[in-house]
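Since the structure comes first, as structure tokens, the remarks are kept for the end.
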Amino acid sequence: GGDTRLQYQISLFGADDRLLVARDITRLTQLEQTRQNFVANASHELRTPLTVIRGYLETFLDQDLPKPLMRGLSQMQQQARRMENLVQDLLLLSRLEATSRQAATLKPVLIQSLISHIHEDAVTLSGERQHQFELQIDPQHDLLGVPAELQSALSNLVFNAVRYTPDEGHILIRWWADAKGGHFSVTDSGIGIEARHIPHLTERFYRVDDSRSSASGGTGLGLAIVKHVLMRLGARLEIDSKPGRGSCFSCHFPAELVVPPRD
Ligand code: ADP
């Protein structure tokens, strides 16, 4: 583009940081910018045709058509929905990447009501699988953040717990604040994750078990979104998991972001 500012990556080495290495990353930064723009444009362009396809499918499904045809149509509708979710996540992620170096405009987020909405959606997602939800929410403290971004980050963690926990499993959602800051965690009694996968989970499209994950309805972008949302707030994601026992995903927010009780 027109932006030709030079970019350098500066690293310090040696015992007293006596060696300074400057690397010209101008070209790399431009390439990264091109990639981000491409993803943003492509996902935006995919939205319109998908909306049209979904509209027609809905009209057809409202009619009294032969059974095999209905089955096919409802499969198509399901896959179109999946694609829409994917496009939505791609757009969100590319926006997050584009703004990651800017300071976010922070607003108080009513965390108790946010979590109760997420809980409702999680119950719907669980459906007949009957997961047992438990909520431990400190109602005294709210959190500063970008509401829509926090909503998608926290819901991704809760929906993952539903996806990767067998029927009737237990899911604990917690929010609390202490001297160190604000903490949100989701603990499940699910399938768990082997230690060697944990460092890679926030990479785009990284999946432990591809067949299981795509059947579960996720997009493979959930944890990448979580990572970017938290990064922008200076918050940290911690993952603790044992295969066959369950997982705990926790977000730790800096104390400056915790809104104290009014009195
Ligand atoms: P996906 O859409 O595949 O769920 P995510 O980025 O949200 O993508 O998660 C990446 C991978 O991490 C998943 O495919 C799954 O293998 C693993 N994972 C995420 N959450 C959990 C969980 N609560 N329990 C077990 N595995 C999980």
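Summary of values
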| quantity | calculated |
| --- | --- |
| Of Asn156, Gly190, Ile225, farthest towards positive along the dipole that unit charges on Lys, Arg, Asp, Glu beta carbons give region 148-263 | Ile225 |
| Sorted peptide list for 221-233, 17-29, 166-178, criterion being average Cβ within 10 angstrom, highest first | 221-233, 166-178, 17-29 |
| Region 180-232: chymotrypsin sites (Phe, Trp or Tyr not before Pro) in DSSP loop, at most 11 other beta carbons within 10 Å | Phe205 |
| The chain pair-distance distribution - Cα-Cα, 10 Å bins, rounded % | 6, 23, 30, 24, 12, 3, 1, 0 |
| Simple Cβ-charge dipole of region 102-245, Lys/Arg +1 and Asp/Glu -1, about Cα centre, in debye nearest 20 | 480 debye |
| Contour minus Cα-Cα distance for His197 and Thr99 (0.36 nm per residue) | 32.5 nm |
| Average projection area in nm² (convex hull over Cα atoms of region 157-240, one quarter of hull surface) | 5.9 nm² |
| Accessible area per residue in Å² at 1.4 Å probe, computed on region 133-176 | 39 Å² |
| Long-range amide H partners of Asp142 with built H, under 5 Å | Val259 |
| Coil-residue GluC sites (Glu not before Pro) of region 176-247, DSSP, other Cβ within 10 Å capped at 16 | Glu194, Glu203 |
| Where region 1-106 is the region considered: accessible area per residue in Å², 1.4 Å probe | 78 Å² |
| Lysine pairs with alpha-carbon atoms under 25 Å apart, the chain, spacing 8 or more or separate chains | 4 |
| Contact order normalised by residue count of region 172-241, Cα under 8 Å, 6+ apart, percent | 23 percent |
| Fraction of accessible area attributable to carbon and sulfur, the chain (%, probe 1.4 Å) | 53 percent |
| Cα centre as origin, Lys/Arg/Asp/Glu Cβ charges: the chain dipole, Debye | 660 debye |
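The values are calculated or read from the model by the stated rules, or taken from the named source; none is laboratory data. Here the structure is a predicted model, which is why all the values come from computation and not from measurement. Cβ: placed from backbone, ideal geometry, glycine included. Neighbour counts: every protein chain shown. Heavy atoms of the whole protein, side chains included, go into the accessibility calculation; ligands, DNA and RNA do not. Shrake-Rupley method; radii C 1.70, N 1.55, O 1.52, S 1.80 Å.
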